[in-house]
1. Could I get the Rg over Rh figure for the range 59-147? Both from C-alpha atoms, Rh via Kirkwood, rounded to two places.
2. For LEU129 and GLU10, calculate 0.36 nm times their separation in residues minus their Cα-Cα distance, and state this gained length in nm to one decimal.
3. Mean 1/r over all different Cα pairs, inverted: what Kirkwood radius does the range 102-150 give, in Å?
4. Taking 0.36 nm per residue of separation and subtracting the Cα-Cα distance, what length does fully extending LYS137 through SER52 add?
5. Which order do the peptides 19-30, 100-111, 131-142 take when ranked by the mean count of other beta-carbon atoms within 10 Å per residue, highest first?
6. Could you work out how far the C-alpha centroid of the range 31-71 sits from that of the range 97-118, in angstrom?
7. Share of the range 63-159's accessible area from carbon and sulfur, percent, 1.4 Å?
8. Order of 143-152, 90-99, 121-130 by packing, highest average Cβ count within 10 Å first?
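The values are calculated or read from the model by the stated rules, or taken from the named source; none is laboratory data. These figures come from a predicted structure and were not determined experimentally. Virtual Cβ from ideal backbone geometry, glycine too; neighbours counted across all protein chains shown. Areas reflect the complete protein model, heavy atoms only, side chains present, ligands, DNA and RNA absent. Shrake-Rupley method; radii C 1.70, N 1.55, O 1.52, S 1.80 Å.
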Amino acid sequence: MSDWPAKLAERFSTLKWQMATAESCTGGLISACCTDLAGSSAWFDRGFVTYSNDAKTQMLGVPAELIATQGAVSEAVAQAMAIGAVYRSKAQVSVAVTGVAGPSGGSPEKPVGTVWLGWYINGAITTELKHFEGNRKQVRQATVAHALEGLLIRLPLVS
């Protein structure tokens, strides 16, 4: 994980873009990983830790009805979180994560390790459903890694 912030810094610097995060199950770990790099304020605008449903609604504008009908751990909520992070920041890019880190909170439909990720990049949004194995710490670490790796893959290449 340690080289992703440096790669992101280089890519964002070339693009002259900034990023924001919208985190639920990772509780700010993606933001922390990015801001561990000195100088990250040049490309990292802000992070939203929206662990509760109310926070998702208040801070990111995720409709409460959407959470009620789809569940907090859903593709629709991951999309809304990613969009909200960009619209409520100066960023052109966001990554959003919402999931069940465990050890409790899972269900047969959404077992522990279920995570929805969303990436909003300059007007386009993509999502992905992952099922990570392991304990709470391992699920959260895998989510951070996949979120940052997914961001790098999706960012435009510039020469």
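1. Taking Rg over the Kirkwood Rh, I get 0.98.
2. On the way: separation 119, 0.36 × 119 = 42.84 nm, distance 2.75 nm.
Gain on stretching LEU129 to GLU10: 40.1 nm.
3. Result for the range 102-150, one decimal place: 11.6 Å.
4. Details: separation 85, 0.36 × 85 = 30.60 nm, distance 1.89 nm.
Length gained between LYS137 and SER52: 28.7 nm.
5. My ranking of the peptides, most packed first, is 19-30, 131-142, 100-111.
6. About 17 Å separates the Cα centre of the range 31-71 from the one of the range 97-118.
7. Reported share for carbon and sulfur atoms: 53 percent.
8. Working: 143-152: 19.3, 90-99: 25.3, 121-130: 14.0.
Going from most to least packed, we get 90-99, 143-152, 121-130.
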